[in-house]
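Inspection log for the structure reproduced underneath, given as structure tokens.
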Amino acid sequence: MNLVITKAYISSDAVWFMDVFNVIDHNGNKIRDKEVIDYIQRRLENNPSFAPSLRESVGVVPTEEHTVIELTGTDRPGLLSEICAVLTDLHCNVVTAEIWTHNTRAAAVVHVTDDSSGCAIKDPSRLSTIRDLLSNVLRGSNDPKTARTTLSPPGVTNRDRRLHQIMFADRDYERIERAGRGGLRDRDKRPLPHVTVVDCVEKDYTVVTMRAQDRPKLLFDIVCTLTDMQYVVFHGVVKTLRTEAFQEFYIRHVDGFPISSEAERERLVQCLEAAIERRASEGMELELCTEDRVGLLSDITRIFRENSLCIKRAEISTEEGKARDTFYVTDVTGNPVDPKIIDSIRRQIGDKVLKVKHNSNLSPKPSQPTTIGFLLGNFFKARSFQNFKLIRSYS
């Protein structure tokens, strides 16, 4: 619903839980519309006794309207343009898509239809051809990992959640040197998240604290990663302060035990840093809004490639015949784009069609990270588990 969580308090004990969320809309306003409030309440109260498994909690929405394509491989300039060109040649129309890049890796979840019927593609021979040709595009000569193209059956996971799972499986969080890529990831061009993982011995928890530049869906990204890594959040607090976000969670593994090794702690730090960085807005944000047509995305990404723009992240959508796409771009070296190039592209595409929404390189730099104390403070001393059970019982 594009709601922004400004504060949150999370607590659970056995089968009881009490979670409090302070939310605003994407414009920063308090939610006063009764219909919206009622809708939120209905959604949260729907099937309250249903306890899904980790796999089922992803949020599967059955659909016969499109074919889902999942892609992962080594990132390079012009990759999205090549993918879109192949899909256009194969008479596939891109309905929605989301593309992330991180640590030299790229992942995408793309929803396509047949460009003549507007329906999902089901012919096995055609699906095999799509898979093979896209795999050829993704396959890099110096790729130390295997490129993957997957055609999912009807029924689609939440797209953002799936992208986290794809990149986690691709081990994009590893701080390793990539051949021909100039060594370690270049992290000095964007604010660094600060993540710590320590023991809370007296209560048998592992405490995870994070401080990062605030942005939409940050909490979602963190919780998805913790869940996919088989951790359970028992208590937590979330707080935003101007442009920064602070999060602290008391967690255990699904087997009921806290983290027991330094290697596991280090891996969790790396994975949470990656979860924060994958969706970070890097570069200039461009918004495209125009009448949708078959091949539009292929034409737009080709123009970007011909002007030496590198797409770091993209969100593609269509609504009522309108294409509404967002691109985050840099030059091919990862540096800010020359404004003259953007002006030239806008003249070519149309000033009213393509607009500059935001330039992260002009954003004010956040303050330097400091040591993070436990945000919950004397949480366990102030309230016992029994107190939380009483609060829940009388709510």
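The values are calculated or read from the model by the stated rules, or taken from the named source; none is laboratory data. In this text, all values refer to a predicted model and were calculated from it rather than measured experimentally. Here Cβ is always computed from backbone atoms with ideal geometry, including for glycine, and neighbour counts include all displayed protein chains. These area figures cover heavy atoms from the full protein model, side chains too; ligands, DNA and RNA do not enter into them. Shrake-Rupley method; radii C 1.70, N 1.55, O 1.52, S 1.80 Å.
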Check on residue 264, more than 15 Å from the chain's Cα centre (by Cα), acidic (Asp, Glu), modelled with pLDDT of 95 or more and outside any helix (DSSP H, G or I) | no
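For segment 84-99, indicate whether the set of residues that are part of a strand (DSSP E or B), within 29 Å of residue 173 (Cβ to Cβ) and modelled with pLDDT under 90 is non-empty.
So in segment 84-99, the residues part of a strand (DSSP E or B) come out as 92-99.
Cutting the leftovers down to within 29 Å of residue 173 (Cβ to Cβ) gives us 94, 96-99.
Adding the requirement that they be modelled with pLDDT under 90 leaves none.
Within segment 84-99, none of the residues are part of a strand (DSSP E or B), within 29 Å of residue 173 (Cβ to Cβ) and modelled with pLDDT under 90.
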Selection from segment 224-255 of residues over 19 Å from residue 273 (Cβ atoms), assigned to a loop (DSSP other than H, G, I, E, B) and not aliphatic (A, V, I, L, M) yields 242, 255
Test residue 259 against the stated conditions and say whether it is among the β-branched types (Val, Ile, Thr) and closer than 30 Å to residue 338 by Cβ.
-> no
Test each condition in (1) open to solvent by less than 40 Å² (accessible area, probe 1.4 Å); (2) at pLDDT 85 or above for residue 169 and report the one that comes out false.
-> (1)
Restricting to segment 197-247, what's the tally of residues that are under 12 Å from residue 268 (Cα atoms) and open to solvent by 40 Å² or more (accessible area, probe 1.4 Å)?
-> 2
Does any residue of segment 313-321 turn out to be under 30 Å from residue 229 (Cα atoms) and in contact with a Gly (Cβ under 9 Å, 6 or more places away or on another chain)?
-> yes
Can you work out which of the residues in segment 153-166 that are open to solvent by 40 Å² or more (accessible area, probe 1.4 Å) and in a loop (DSSP other than H, G, I, E, B) is modelled with the highest pLDDT?
-> 158
Exactly one condition in (1) out of contact with any Pro (no Cβ under 8 Å at 6 or more places or on another chain); (2) at pLDDT 90 or above is not met by residue 180; state its number.
-> (2)
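Can you work out which of the residues in segment 112-128 that are touching a Leu at 6+ places or on another chain (Cβ under 7 Å) and under 11 Å from residue 65 (Cα atoms) is surrounded by the fewest Cβ atoms within 10 Å (Cβ to Cβ)? Give the steps one after another, and end with the answer.
Taking segment 112-128 first, the residues touching a Leu at 6+ places or on another chain (Cβ under 7 Å) are 112, 121, 127.
Pick out the ones that are also under 11 Å from residue 65 (Cα atoms) and you get 112, 121.
Numbers: 112: 22, 121: 20.
Here the residue is 121.
Confirm whether residue 125 is on the phi < 0 side of the Ramachandran plot and at pLDDT below 90.
Numbers: on the phi < 0 side of the Ramachandran plot: yes; at pLDDT below 90: no.
No.
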Would you pick out the residues in segment 324-340 that are not in a loop (DSSP other than H, G, I, E, B) and not basic (Lys, Arg)?
-> 325, 326, 327, 328, 329, 330, 331, 339
